[in-house]
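All remarks here apply to the structure that follows.
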Amino acid sequence: MAVDLQISRRSSGSDPLVPEPLRREILQGLPAASAVFGLVPETQRITMSALTERTAVLSVLPEAFFVSGDTGLKQTTRQQWINKSLVAEEIAVIIPIPENYLADAQTPIWEQVRPRLIEAAGALVDEVVIFNMSGSKPSTWGPDIYHTAIARGNYVHEGFGPDLGVSIARGGELLAADGYDLNGFVSKPGLGWKLVQMRSSDGLPIYQPDLQNGGVGNLYGLPLRQLKNGAWNSTESTLIGGDWSQAIIGIRQDISFRIFTEGVITDGAGVVKLNLMQQDAVALRMTMRCAWQVANPANRMNQDTATGNATAPTESTTRWPWFVLRPVGYSYS
């Protein structure tokens with residue numbers, strides 16, 4: 001079978017990277033598998049040329065002043081930036097497959113495995129970037145969306161108004177007060193259909209679905225991505241809305257797949273779990289590296305800096321480009 005020939009050829013050659021067309025396909029697949037990749041504008045998805053890259057973010061805005069009379073002195077002002085780092089961290093997984101299974105398979109195993117690996121990588125990125133409930137977010141990455149929004153007061157309870165739409169609109173108001181424009185949502189699975197069921201006191205639909213996208217594509221004319229990869233935490237949030245242009249995703253273009261026919265797989269304690277040669281198995285290893293950061297620059301609506309130190313300003317502790325809609329019955333204890 002073709003799968004056997006491919007494995008045999010790769011096992012005897014040098015580092016068997018995925019051919020360029022497949023690499024492009026994988027990079028294009030991430031926006032579909034990850035809500036974060038899908039909502040962040042392409043201009044904010046940066047191809048990194050090194051492990052670490054820095055970007056300057058505006059932290060102090062200049063001011064203008066009136067001049068007193070024809071001979072009055074013109075005042076000086078300042079404008080400052082802080083550096084934010086993009087650090088590419090590795091995501092990897094190994095899938096061992098018995099050789100007999102490959103030999104007997106009726107379908108191309110590679111075609112079955114590749115989309116699942118892309119989905120797994122997307123789910124991991126979404127979990128740590130949006131919620132980080134697992135605590136596995138790399139320390140070199142920027143803050144997660146959920147906890148930072150809560151800490152900075154950008155949250156609304158579902159019961160804030162007479163219906164869900166009012167609560168969501170209140171979230172948009174919070175962002176506007178911080179100087180940001182709401183341009184997209186990510187939500188729990190099924191929220192779009194919940195909105196379709198909503199009716200006014202006269203029995204008329206409150207939510208007008210986007211019929212071009214299966215009836216649940218947009219909210220207030222803005223994209224709504226329902227997170228279906230298992231990363232959503234319904235206990236903590238119903239929906240998150242924000243200005244996704246403030247997110248920065250760095251991608252190191254060294255996504256690779258490699259097949260091994262020899263070697264051992266061990267656990268963290270060094271215990272051998274699988275000996276490929278002795279147990280007649282092959283192992284497919286996927287690796288990728290990416291980075292996450294949030295710009296969150298000073299703006300005229302919220303110029304706050306954490307230290308207030310003119311010589312060494314740091315990031316705001318009040319400004320944040322996302323808000324969280326918390327579910328009915330959420331306990332704040």
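The values are calculated or read from the model by the stated rules, or taken from the named source; none is laboratory data. All values derive from a computational prediction rather than experimental measurement. Please note: Cβ atoms are built from the backbone with ideal geometry, for glycine as well, and neighbour counts cover all protein chains shown. These accessible areas exclude ligands, DNA and RNA; they are computed on the full protein's heavy atoms, side chains included. Shrake-Rupley method; radii C 1.70, N 1.55, O 1.52, S 1.80 Å.
At-a-glance table
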| quantity | calculated |
| --- | --- |
| Any chance GLU111 is surrounded by fewer than 15 Cβ atoms within 10 Å (Cβ to Cβ), at pLDDT 85 or above and assigned to a helix (DSSP H, G or I) | no |
| Complete set of residues in segment 150-168 that are surrounded by 18 or more Cβ atoms within 10 Å (Cβ to Cβ), in a helix (DSSP H, G or I) and hydrophobic (A, V, I, L, M, F, W, C) | LEU164, ILE168 |
| Subset of segment 84-107 [acidic (Asp, Glu), modelled with pLDDT of 85 or more and surrounded by 14 or more Cβ atoms within 10 Å (Cβ to Cβ)] | GLU89 |
| Residue among SER237, SER245 that is open to solvent by less than 10 Å² (accessible area, probe 1.4 Å), hydroxyl-bearing (Ser, Thr, Tyr) and not in a strand (DSSP E or B) | SER237 |
| Qualifying residue in segment 271-288 (condition: of a type in the set (S, T, N, Q), open to solvent by 50 Å² or more (accessible area, probe 1.4 Å) and modelled with pLDDT of 85 or more) | yes |
